[in-house]
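Below is one structure, written out as structure tokens; comments come after it.
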Amino acid sequence: MALDIPVHSNTEYVNTVLAIVGTITGLFGVWIVGITNGVIWQKWRSRDESLAAAFKILKESLLGIQLLESSSKLKDDYIGDDRIKIPYKIKSDVEVREGIWLGASIQFGDYGTPSWKMFNRIDQDEEIVLRKGTHEYERVLTVSLDAAGLGVCYLVWDVWFGVVGSSEKSIRLKEAGRKRIRVR
């Protein structure tokens, strides 16, 4: 059974989604939110379904975004304090005026191991208006001086929904790109 709730603006849509996501771990189960033809629908999921699976469904149904190849404009070598202009090419089925932001980091080592390090600049995370159709966006990431001399790393850039700069209060919608680089 689906309950249709008409949405009259993108702000109302974002606020509704954030309110539902905020209660996703409630006592009665997990609510999954999607968008279909401008109408929000809610679907009850059993309490036995994992939170990770619920977030996956939410991410896939939320915006219908596709990320297109855009890393060809990036260099392979950087030094500390370089400013990297990171291109994002995004195709979206809907326009969202609030809550979408572009994040990026330089990562060294294998995730989950003691050698793994991440260097990001949340003050450079960029909120965007996600427009319907295919559009290009850009954000800057300054290479941390602490990353200088690490050698081979990965530049990782993502598209998020939630509070700008806070991965704890956001949902990563897509990893937009991952490029092997050298930091000297």
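Observations, loosely collected:
- Reported count of residues in region 71-102, each being of a type in the set (Asp, Glu) and within 21 Å of PHE119 (Cα to Cα), is 4.
- Condition check for ASP146: part of a strand (DSSP E or B) and at pLDDT 90 or above: no
- Flag for GLY80 being buried (at least 18 other Cβ atoms within 10 Å of the Cβ), in contact with a helix residue (DSSP H, G or I) (Cβ under 6 Å, 6 or more places away or on another chain) and either touching a residue at least 24 places away in the same chain (Cβ under 8 Å) or under 26 Å from VAL183 (Cα atoms) (or both): no
- Options ARG178, ARG184; residue that is at pLDDT below 95 and over 15 Å from the mean Cα position of the chain (by Cα): ARG184
- Enumeration of residues in region 100-123 that are surrounded by fewer than 17 Cβ atoms within 10 Å (Cβ to Cβ) and closer than 21 Å to LEU67 by Cα: none
- Flag for GLY151 being farther than 16 Å from ILE90 by Cβ and loosely packed, with under 13 Cβ neighbours inside 10 Å: yes
- Among the residues here, ARG97 does not qualify as charged (D, E, K, R), assigned to a strand (DSSP E or B) and buried (at least 17 other Cβ atoms within 10 Å of the Cβ).
The values are calculated or read from the model by the stated rules, or taken from the named source; none is laboratory data. Just so it is clear, the model here is predicted, and its values are computed rather than measured. Ideal geometry is used to build each Cβ from the backbone, glycine not excepted, and the neighbour counts take in all protein chains shown.
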